[in-house]
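Any read-out appearing in this document is the output of simple, stated calculations on the displayed coordinates, not a laboratory observation. Since the structure is predicted, the reported quantities are computational estimates derived from the model, not experimental observations. So basically every Cβ, Gly included, is an ideal-geometry build from the backbone, and we count neighbours across all protein chains shown.
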Amino acid sequence: MIRTALLLLALAACGDKRSDLPPATRGSGSGSATSTPTGAPDNVVRRVRDLTPTMSAETVPPPVLPQVVAFELTTPGTGKLAPLRYTRADGSSEHAIKAELTTRQLEGVDFSAPVTVPPITDHLQVAMTASSIVVHVKPPTIEGPTTPAAEAYVASLAGTLKERRVRVTLDDRGQLGPIALLDDPTGSPSTLPARDEIAQRMLAVVVPFPAEPVGIGATWTVAHNMRQGPVYLKQTATYRLDERTATGLKLHVTITRMGEPQLVADPALPPGTYADLIALVRTLEGDITVDPSKPLATAGTLTLHSTMHVRFTTKTGPVGEQIVEDTGTLTLSTTNK
């Protein structure tokens, strides 16, 4: 939901009232932010102006992501050690990821009252054979009364994914390889946002296994460089094997996604507006169940905490600075087809 959050925050900072959250730091018209004494530093404004003519997908090819940058077995565990591997069998399943969140933003020195976002469920239909895995991304569903933020999130996915079907490459250890849209197998630049969106979902719900044999209590850490929406992040995930049976695994997982300072030039933002990401930290933690005959985690509940600090700037100067905090849960469930 990073792209949606940036859009709504930018609209609020620039004076648009469509955000669910109360307006925070707004421009005074002279280019200074009302709740910060200095606003954006001059070098940030100059950097926006300097980069504006040259920032485009055509002139600066993006790096190929996600990429594994570290994979370490930190504890082998106890008892009988045996390798963890996925198996391939013909079949299909539907995986649901239900997000129940509250959000608030910093206003001056205090946070606003939390705003509850209606539950939103993402749906991934997986068809698997011995030689391929195809994921069909279905439209998210909203439970209960809707809000502008919820509608913006659903609309952004409808525009990016369009119920596309993708061929996902996973080896028997669950390591993510190339993602190919069935309607764009060569991977044209225009479909990069869709491929990134699917990849970031896979990284949250696919557990990669270590190469070494492990026992109960084993822990391993995997780090990826990735994109989520228009933002470059590093994901570090730590897994602990708590239970192993003939039909499945129970694991404790902690996933942290961190975004370092970067300039975000997203076409979804209002014309002439740029976002300087100051910091982004998002954590997921909880217990999940993995069925090695299915590529995605089949059940579990993860607590979520996310903080994003962003400064908005136009060519005429800074217009606002926002800090937003999200908390809640993600619930994973699976239905066999």
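Can you say whether residue 120 is in contact with a Pro (Cβ under 7 Å, 6 or more places away or on another chain) and under 19 Å from residue 331 (Cα atoms), as far as the supplied structure shows? Yes: the conditions hold for residue 120.
If you go through region 143-185 and pick out every residue that is touching a residue at least 12 places away in the same chain (Cβ under 8 Å), small (Gly, Ala, Ser) and under 27 Å from residue 129 (Cα atoms), you end up with 2.
Checking each residue in region 284-332 for being surrounded by fewer than 16 Cβ atoms within 10 Å (Cβ to Cβ) and under 21 Å from residue 119 (Cα atoms) picks out 285, 287, 301, 303, 305, 307, 327, 329.
For region 79-110, taking the residues that are of a type in the set (A, V, I, L, M, F, W, C) and in contact with a Pro (Cβ under 6 Å, 6 or more places away or on another chain), the one that is surrounded by the fewest Cβ atoms within 10 Å (Cβ to Cβ) is identified as 82.
Every test in (1) more than 21 Å from residue 117 (Cα to Cα); (2) in a helix (DSSP H, G or I); (3) of a type in the set (Asp, Glu) is passed by residue 151 save one, and that test is (1). Checked across region 78-95, the condition of being assigned to a strand (DSSP E or B) and aromatic (Phe, Trp, Tyr) holds for no residue. The strands (runs of 3 or more DSSP E) found entirely in region 192-274 that carry 1 or more residues being among the hydroxyl-bearing types (Ser, Thr, Tyr), in contact (Cβ under 8 Å) with a residue 12 or more places away in the chain and over 24 Å from residue 133 (Cα atoms) are 219-228, 231-244, 249-259.
Within region 278-302, residues that are without any contact (Cβ under 8 Å) to a residue 24 or more places away in the chain have Cβ atoms under 7 Å from residues that are surrounded by fewer than 21 Cβ atoms within 10 Å (Cβ to Cβ) and among the basic types (Lys, Arg) in no pair, counting only partners at least 6 apart in sequence or on another chain.
Filtering region 201-252 to residues that are more than 30 Å from residue 276 (Cβ to Cβ) and of a type in the set (Phe, Trp, Tyr) leaves 209, 220, 239. In region 313-332, the residues that are over 26 Å from residue 265 (Cα atoms) reach residues that are assigned to a strand (DSSP E or B) and among the basic types (Lys, Arg) with C-beta atoms within less than 6 angstrom, at least six apart or across chains, in these pairs: 331/98.
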